[in-house]
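**Student:** Here it is, the structure, as structure tokens.
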Amino acid sequence: MRVVLVVLVLAGVLAGCTGSGDEDVPNVIVPGKPGEQARTLDPDDVGTDRWVAPNEADLRYVASMIVHHRQALDMAALAPDRASHETVRGLASRIHDTQGPEIGAMEQWQRDFGQKAPAHGHSGKLPDVDHAGMPGMATPEQLAALKSAKGTDFDRLFLQLMIAHHEGALKMAVELLSTGSDVRVEEMANDVVASQTDEIGRMRAITLP
């Protein structure tokens, strides 16, 4: 919603400035979140890192979701040799193909943030994350059980753990969308909501013998 409003405001500004190259280009008004005041930016700042600086919620979400995704990839990597249900193997492949690039995008965002942090008044240090405190994470015991299972037993446990894992990721993403400030991180969270909601539906629809 904010992005659309900014684009519309910017389009209006540019349309009003085409008459003369000597006219001063007016500032751009960026609507805030509900309850927040709008901000006025120089047109040169729109689309740059000065537009919306990341906050602590953005930093913690990205650091946590990288760890969260990596566990999903570890679980998915077990499926080709252990799963017996074709759809389970297909879902595991989809998780690999989706979450691998998402990790890459989040790590790139962290690198970008580290380079730009001083300008935002941040130290550039990424937050430590509590592995055990993340929603949906499988325990070491559950992962060991998954690694030792095969066939239908693997399929059943994989679906159980991965559904819980996805539900935890949705909880993290929804929380970020109400507390974060960085547009790129919000886009990542929206991608997680879209892809993992779809995959939860697919997993729940699988019927095992």
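The values are calculated or read from the model by the stated rules, or taken from the named source; none is laboratory data. Nothing here was measured: the structure is a model prediction, and the numbers come from that model. Here the Cβ positions follow ideal geometry from the backbone for every residue, glycine too, while neighbour counts run over all protein chains shown.
**Student:** What pairs come up if the first residue lies in the stretch 67-78 and is in the same structural domain as Ala92 (by TED's automatic domain parsing), the second is of a type in the set (A, V, I, L, M, F, W, C) and assigned to a helix (DSSP H, G or I), and their beta carbons are under 6 Å apart, counting only those six or more places apart or on different chains?
**Tutor:** The qualifying pairs are His68/Ala169; His69/Ile103; Ala72/Ile95; Ala76/Ala92; Ala76/Ile95.
**Student:** A follow-up question, please. Which of the residues that make up the stretch 176-187 are surrounded by fewer than 22 Cβ atoms within 10 Å (Cβ to Cβ) and either in contact (Cβ under 8 Å) with a residue 24 or more places away in the chain or not in a helix (DSSP H, G or I) (or both)?
**Tutor:** Thr179, Ser181, Val183, Arg184, listed by residue number.
**Student:** Does His166 qualify as being in the same structural domain as Ile95 (by TED's automatic domain parsing) and modelled with pLDDT of 95 or more?
**Tutor:** yes
**Student:** Is there a residue in the stretch 120-131 that is out of contact with any His (no Cβ under 8 Å at 6 or more places or on another chain), modelled with pLDDT under 95, assigned to a helix (DSSP H, G or I) and surrounded by fewer than 16 Cβ atoms within 10 Å (Cβ to Cβ)?
**Tutor:** yes
**Student:** A further question follows. In the stretch 67-91, which residues are of a type in the set (A, V, I, L, M, F, W, C) and under 21 Å from Glu141 (Cα atoms)?
**Tutor:** Correct list: Val67, Ala72, Leu73, Met75, Ala76, Ala77, Leu78, Ala79, Ala83.
**Student:** If you don't mind, there's one more thing I want to ask. Quickly run through the stretch 83-108 and pick out the residues that are in contact with a helix residue (DSSP H, G or I) (Cβ under 7 Å, 6 or more places away or on another chain), of a type in the set (Gly, Ala, Ser) and surrounded by fewer than 20 Cβ atoms within 10 Å (Cβ to Cβ).
**Tutor:** Across the stretch 83-108, the qualifying residues are Ser84, Gly100, Ala105.
**Student:** Please count how many residues of the stretch 161-195 are over 20 Å from Asn55 (Cβ atoms) and more than 11 Å from the chain's Cα centre (by Cα).
**Tutor:** Of the residues in the stretch 161-195, 8 are over 20 Å from Asn55 (Cβ atoms) and more than 11 Å from the chain's Cα centre (by Cα).
**Student:** Something else about it: Can you tell me which of (1) touching a Pro at 6+ places or on another chain (Cβ under 6 Å); (2) buried (at least 16 other Cβ atoms within 10 Å of the Cβ) is the one Lys171 doesn't meet?
**Tutor:** Looking at each condition in turn, Lys171 falls short on (2).
**Student:** While we're on this one: So Ala63 clears everything in (1) hydrophobic (A, V, I, L, M, F, W, C); (2) at pLDDT 95 or above; (3) surrounded by fewer than 19 Cβ atoms within 10 Å (Cβ to Cβ) except one condition, right? Which one?
**Tutor:** Ala63 satisfies all of (1) hydrophobic (A, V, I, L, M, F, W, C); (2) at pLDDT 95 or above; (3) surrounded by fewer than 19 Cβ atoms within 10 Å (Cβ to Cβ) except (2).
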